[in-house]
Amino acid sequence: MLDPKLHTFLVLCETMHYTRAAQRLCVTQPAVTHQIRALEEHYGCRLFSYEGKTLRLTEAGVRLREMARSLAYNSRKMEQAMAVPAPRVLRVGATKTIGEFVIAPLISRFLRRHPEGTVSLTVENTRALLRALEEGRLDFALVEGFFDRERYAVRLYRRESFFGVCAPEHPLAGRTVPLAEVLGERLLVREAGSGTRAILEAALRQNHCTLRSFSGVVEISDFSTIKALVVENLGVSFLYAPVVERELAAGKLARFDLAGQALSGAFHFVWLRDNLFAGEWEDWMA
């Protein structure tokens, strides 16, 4: 069982407000304060400090939060493992590119190897999945884009090419073009927090540009809508190869590349460090 003081600490880390933490825990605010002070006395350091009226984690508080999250996850998994045997359930997260176009064969392989098992799949952007992982709502996630690798255990799954797409009749179709030529187009892009957008923004920064450098930007979280609009020649987009494989083969979309930049992105398995149960899903990563 997780130490109640550490549980209180983690709730306060989520709310960053003593009153809201007390409400969530169904205790008084002084009780929360008492438990946090007890932790600080035990570890001999401050875990929180105020900047004006804003509560902040100290450096020591950040370190404890990362370790306590792993402890909380392992504690819950131990309770489940020691309970009455039940069908194996894995809570998996996947970014939208992976969830819609990549992960199905992995789930199929897992279910064939473990006929009694079940999978709960959450498809969200990278930012949301990492938050769910830290809160213990996922066992692991398969994500694209950039993230702080120091905070998680990570294993590379595979790399995928990343390129521009446009309507077949568009002047960019089938060409390798300088970025300056693309900036005059309307860009259809995923929402902030998505790995797809992060890869593009990183490439733009290398050329001292941002999304604002395009003549117009339309933000859309759904791949089907982005592709439909590109097919209608209402803008261009940058997507991973698996997302547009069928449309390219059918001639509904055309590819273009940026001169001097062979863009690609990595898909990674990510889970909490010090996870005692990582072996349960090793066959996913084989």
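The values are calculated or read from the model by the stated rules, or taken from the named source; none is laboratory data. The structure displayed is predicted, hence computed values, not measured ones. Neighbour counts run over all protein chains shown; Cβ positions are idealised from the backbone, glycine included. What goes into the accessible areas is simple: the full protein's heavy atoms, side chains included, and nothing from ligands, DNA or RNA. Shrake-Rupley method; radii C 1.70, N 1.55, O 1.52, S 1.80 Å.
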Between the modelled labels at Ala132 and Lys77 (7 Å from Cα along Cα→Cβ) the distance in nm is 1.7
So for segment 42-137, using the alpha carbon gyration tensor with a ≥ b ≥ c as root eigenvalues (a/c under 1.5 gives rounded; past that, a/b versus b/c decides prolate or oblate), I'd call it oblate
Once phi for every residue in segment 123-136 is put through the Karplus expression 6.51 cos²θ - 1.76 cosθ + 1.60 (θ = phi - 60°), the whole-Hz ³J(HN,Hα) values, with Gly and Pro written as x, are 10, 8, 7, 4, 4, 5, 5, 5, 5, 5, 5, 5, 8, x
SASA check, Ser108, accessible area w/ 1.4 Å probe, all protein chains in place, rounded to nearest 10 Å², comes out at 40
In the list [x] 0.99; [y] 0.94; [z] 1.21, the entry giving Cα Rg over 2.2 N^0.38 Å computed from the coordinates is [z]
Karplus ³J(HN,Hα) for segment 14-20 (6.51 cos²θ - 1.76 cosθ + 1.60, θ = phi - 60°; Hz, whole; x = Gly/Pro) runs 6, 8, 6, 7, 4, 5, 5
Accessible-area order for Asp274, Asp139, Asp3, Asp148, largest to smallest, probe 1.4 angstrom, reads Asp274, Asp148, Asp3, Asp139
With every protein chain in place, the accessible area of His42 for a 1.4 Å probe, in Å² rounded to the nearest 10, comes to 140
Between Arg212 and Gln261, Cβ-based FRET efficiency (R0 30 Å, step 0.05) works out to 0.95
So, relative contact order of the chain in percent, Cα under 8 Å, 6 or more apart, is 22
Straight-line reach check, Lys5, cutoff 25 Å on alpha carbons, 8 or more apart in-chain or any other chain, hits among lysines -> Lys53, Lys77
For Cys209, Cys45, Cys26, the accessible-area ranking with a 1.4 Å probe, largest leading, is Cys26, Cys45, Cys209
